[in-house]
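Engineer: Sharing a structure with you now.
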Amino acid sequence: TEICEGAVATLTASVTGGSGAITYMWQIRDGSDWTDVGTNSDTYVTPEHSAGEHIYRAVVSRNEGCVGTSDSIIIDVSEDPTVTIELSEEEICIGGIATFDAIVEGGSGQATYQWQSFVDGVGWNDISGTNSSTYGPLFFSPGVFSYRVIIEQNDGCYVLSDSVAIEVFGDPQV
């Protein structure tokens, strides 16, 4: 299982065989030892972890002498991704197209993209249909326009870019 810092994982044990009531104990590997961390439940929600590999298992018991241990469950925790926006042009004229490229590094899993534009007096608004690393809006009026992107990956993997601005000028008059 892959998650990012700030996320938790839910582990579930499914028991077959044996006889009698089931008792559960969740454990985490601490060096070469196993430390009890969970309660008597078939599910365990991990705490938030720092980046790295965290290994869990479930130990179940039934009537006297009936004990089983699950395979290890590896939780791979990554640092949150980082994102920078590269802008093809910082200044264009009305009708021009500038391309914004989101460069994502780190994190874990496939990225989804939500581009946003800043509207004076309103704030940041999602731009529909923009789940792509590249965004290329058309500009029909002069002004300074600001954009940013939200990146989400596996559970807990999230980053908000800094905003970038483009200045749009009216066409030259002759």
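The values are calculated or read from the model by the stated rules, or taken from the named source; none is laboratory data. Everything numeric in this text was worked out from a predicted model, so none of it was measured. Every residue, glycine as well, gets a Cβ built from its backbone with ideal geometry; the counts of neighbours run over all protein chains shown. Accessible surface areas use protein heavy atoms only, side chains included; no ligands, DNA or RNA. Shrake-Rupley method; radii C 1.70, N 1.55, O 1.52, S 1.80 Å.
Engineer: When the accessible area of region 131-170 is split by element with a 1.4 Å probe, what percent falls to carbon and sulfur?
Structural biologist: Answer for region 131-170 is 48 percent, counting heavy atoms of protein chains only.
Engineer: Taking the mean number of other Cβ atoms within 10 Å as a proxy for protection, how do you rank 77-85, 122-130 from highest to lowest?
Structural biologist: 77-85, 122-130
Engineer: Same structure again: Determine the per residue accessible area of region 17-174 with all protein chains present and a 1.4 angstrom probe, expressed in square angstrom.
Structural biologist: 58 Å²
Engineer: Which whole-number percentage describes the relative contact order of region 69-174, with Cα contacts under 8 Å and a sequence gap of 6 or more?
Structural biologist: RCO, region 69-174: 33 percent.
Engineer: How many nm separate the modelled label positions at Asp171 and Ile97, each set 7 Å beyond the Cα in the direction of the Cβ?
Structural biologist: Inter-label distance under the simple model: 1.8 nm.
Engineer: Calculate what fraction, in whole %, of the accessible area of region 1-84 sits on carbon and sulfur atoms when a 1.4 Å probe is rolled over the protein chains.
Structural biologist: Exposed carbon and sulfur together represent 44 percent of the surface.
Engineer: Work out the length of the dipole vector of the chain about its Cα centre, built from +1 on the beta-carbon of each Lys and Arg and -1 on the beta-carbon of each Asp and Glu, and round it to the nearest 20 debye.
Structural biologist: It comes to approximately 700 debye.
Engineer: For the peptides 138-149, 1-12, what is the packing order when you average, over each peptide's residues, the other Cβ atoms within 10 Å and list the highest mean first?
Structural biologist: Top to bottom by mean Cβ count within 10 Å: 1-12, 138-149.
Engineer: For the charge dipole of region 4-102, defined by +1 on Lys and Arg C-beta atoms and -1 on Asp and Glu C-beta atoms about the Cα centroid, which residue among Val77, Val59, Gly18 has the Cα displaced farthest towards the positive pole?
Structural biologist: Highest projection toward the positive end goes to Gly18.
Engineer: Using alpha-carbon pairs under 8 Å, 6+ residues apart, how would you state the relative contact order of region 45-84 in percent?
Structural biologist: Normalised by residue count, the contact order of region 45-84 is 45 percent.
Engineer: Mean-square fluctuation check for the chain, GNM, Cα pairs under 10 Å: which of Trp115, Trp34, Trp26 is largest?
Structural biologist: Taking springs between Cα atoms under 10 Å, the residue moving most is Trp34.
Engineer: So if I take the centroid of the Cα atoms in region 96-174 and the same for region 28-78, what is the distance between those two points in Å?
Structural biologist: Spelled out, the Cα-based centre of one part sits 42 Å from the other.
Engineer: Have a look at Ser117, Ser19, Ser50 and tell me which one the Gaussian network model of the chain (Cα, springs below 10 Å) gives the largest fluctuation.
Structural biologist: Largest GNM mean-square fluctuation: Ser19.
Engineer: What is region 1-87's relative contact order, in percent, from Cα pairs under 8 angstrom and six or more apart in sequence?
Structural biologist: About 37 percent, as a whole number.
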